[in-house]
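Have a look at the structure below, then the notes.
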Amino acid sequence: MSDWQTHLMPGSNASASDDNAADADLVAQARKGRDQAFNLLMRRHSPMVVRYLTRLLGNVDDAHDAAQETFVALHRNLHRFDPSLSFVAWLFHMARNKGRDALRKRTAMRWLGGEDSMEQYASTAPAPDIEVADRQTLEQVEGAIREMPEGLKTPLLLSAIEGLTHAEIGTVMGLTAKAVEVRIYRARSRLRDSTTANDEGAD
């Protein structure tokens, strides 16, 4: 195994900047036609892409389809990657676009009567930083995330689940870091308001 393959294997304890350098190295190798380099990129990042898309779309099968489309787009656009920028943010920008395409397609199918109730697309888990006291609260949080507009859901998921910085999320969404911070605050407020309202209604 070559040196570049060794230090780019998943599970490294490298810093974020080292990780980005590793990704940039893989992209450079993949541009030269080394399929193994692109496969390593997929191994490093496909779990978090699928995780994000599953919560965005609320359906595992749709998430895997959108993730596959994301990596196809990635392969086609390797020549456009700027190694001075965050690879993860660039990748999630593509993933978000594919996820939004899937949501638009789903809406069109519903209008045409070709899709079942949205209940089948219920999200299976909330963001991990949300404390859930019992099953009822879990369902309230899941429902609040599911009903949240994509513009609030994406920054919340990328921050809470994938650990992206506000600046990286801003790159994904075409926003300033401050605007991302505001959207995350609004998303968390919605979650708090939702669970509080349901708790009060149960009294």
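Data table
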| item | result |
| --- | --- |
| Residues that are more than 20 Å from Val180 (Cβ to Cβ), in contact (Cβ under 8 Å) with a residue 12 or more places away in the chain and surrounded by fewer than 20 Cβ atoms within 10 Å (Cβ to Cβ), drawn from the range 72-102 | Ala73, His75, Asn77, Leu78, His79, Phe81, Pro83, Asp101, Ala102 |
| Close pairs (9 angstrom Cβ cut-off, 6 or more residues apart or separate chains): touching a residue at least 40 places away in the same chain (Cβ under 8 Å) in the range 171-186, in a helix (DSSP H, G or I) and basic (Lys, Arg) anywhere | Val172/Arg96; Met173/Arg96; Met173/Arg183 |
| Some residue of the range 102-123 being among the acidic types (Asp, Glu), at pLDDT below 60 and either in a helix (DSSP H, G or I) or not assigned by TED's automatic domain parsing to the domain that holds Thr54 (or both) | yes |
| Scope the range 57-95; condition farther than 26 Å from Ala24 by Cβ and either assigned to a helix (DSSP H, G or I) or assigned by TED's automatic domain parsing to the domain that holds Leu157 (or both); matching residues | Leu57, Val60, Asp61, Asp62, Ala63, His64, Asp65 |
| One residue from Val132, Val141 being touching a Pro at 6+ places or on another chain (Cβ under 7 Å), at pLDDT below 95, more than 22 Å from Asn97 (Cβ to Cβ) and not in a helix (DSSP H, G or I) | Val132 |
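Residues are listed down the side, and each one gets a yes or a no for (1) over 21 Å from Asp101 (Cβ atoms); (2) at pLDDT below 95:
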site: Ala21; (1), (2): yes, yes
site: Met48; (1), (2): no, no
site: Thr54; (1), (2): no, yes
site: Gly58; (1), (2): no, yes
site: Asp62; (1), (2): no, yes
site: Ala66; (1), (2): no, no
site: Val72; (1), (2): no, no
site: Asn77; (1), (2): no, no
site: Asp82; (1), (2): yes, yes
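The values are calculated or read from the model by the stated rules, or taken from the named source; none is laboratory data. Note that the structure is predicted; figures quoted are calculated from it, not measured. Neighbour counts run over all protein chains shown; Cβ positions are idealised from the backbone, glycine included.
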